[in-house]
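Worksheet for the structure shown next.
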């Protein structure tokens, strides 16, 4: 695989909802600048995945790691995704607060 091959990045609808809720939480706390900052960081991380899909770490949960989940850390949030080499795409499944019980949340998607 050539190093400069780009992957298409897709968000599941629930991941878009996660992002919107994160941004809204900053706005509700009165931090417009924080909302803009986190939105930009999330979008930048997703764009980097298109160029470097393996840049992030494998999810520590063994069951999720076995089915190919990786995660990128964005401040207090974790962006969970999987790489599909045959289709040259990365699918972002969820963007969750790092304090959440992400294994049980992600396992519900894969069941």
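The values are calculated or read from the model by the stated rules, or taken from the named source; none is laboratory data. Small disclaimer: the values here were computed from a predicted structure and weren't measured. So basically every Cβ, Gly included, is an ideal-geometry build from the backbone, and we count neighbours across all protein chains shown.
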(message) Looking only at region 54-82, count every residue that is part of a strand (DSSP E or B), in contact with a helix residue (DSSP H, G or I) (Cβ under 9 Å, 6 or more places away or on another chain) and farther than 18 Å from residue 44 by Cβ and tell me the total.
(response) 1
(message) When you check residue 105 against the structure, is it at pLDDT 95 or above and surrounded by 13 or more Cβ atoms within 10 Å (Cβ to Cβ), yes or no?
(response) no
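Going by the structure shown, is residue 61 more than 19 Å from residue 18 (Cβ to Cβ) and touching a residue at least 40 places away in the same chain (Cβ under 8 Å)?
Details: more than 19 Å from residue 18 (Cβ to Cβ): no; touching a residue at least 40 places away in the same chain (Cβ under 8 Å): yes.
In short, no.
Among the listed residues 10, 5, 47, identify the single one that is loosely packed, with under 14 Cβ neighbours inside 10 Å and touching a residue at least 60 places away in the same chain (Cβ under 8 Å). I'd like the intermediate steps shown before the answer.
Details: 10 fails: loosely packed, with under 14 Cβ neighbours inside 10 Å; 47 fails: touching a residue at least 60 places away in the same chain (Cβ under 8 Å).
Testing whether each residue is loosely packed, with under 14 Cβ neighbours inside 10 Å and touching a residue at least 60 places away in the same chain (Cβ under 8 Å) leaves just 5.
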(request) Identify, from the list 92, 67, the residue that is under 16 Å from the mean Cα position of the chain (by Cα) and over 16 Å from residue 7 (Cα atoms). (result) 67
(message) If I go through region 13-35 residue by residue, how many of them are surrounded by fewer than 15 Cβ atoms within 10 Å (Cβ to Cβ), within 17 Å of the chain's Cα centre (by Cα) and within 19 Å of residue 75 (Cα to Cα)?
(response) 4
(message) Looking only at region 57-71, how many residues end up being in contact with a strand residue (DSSP E or B) (Cβ under 7 Å, 6 or more places away or on another chain) and surrounded by fewer than 21 Cβ atoms within 10 Å (Cβ to Cβ)?
(response) 5
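When you scan region 76-98, how many residues do you find that are under 14 Å from residue 18 (Cβ atoms) and exposed (fewer than 15 other Cβ atoms within 10 Å of the Cβ)? Give the derivation first.
Step one: of region 76-98, the residues under 14 Å from residue 18 (Cβ atoms) are 76-81, 91-98.
Then drop every residue that is not exposed (fewer than 15 other Cβ atoms within 10 Å of the Cβ), which leaves 76, 97-98.
Final tally of qualifying residues: 3.
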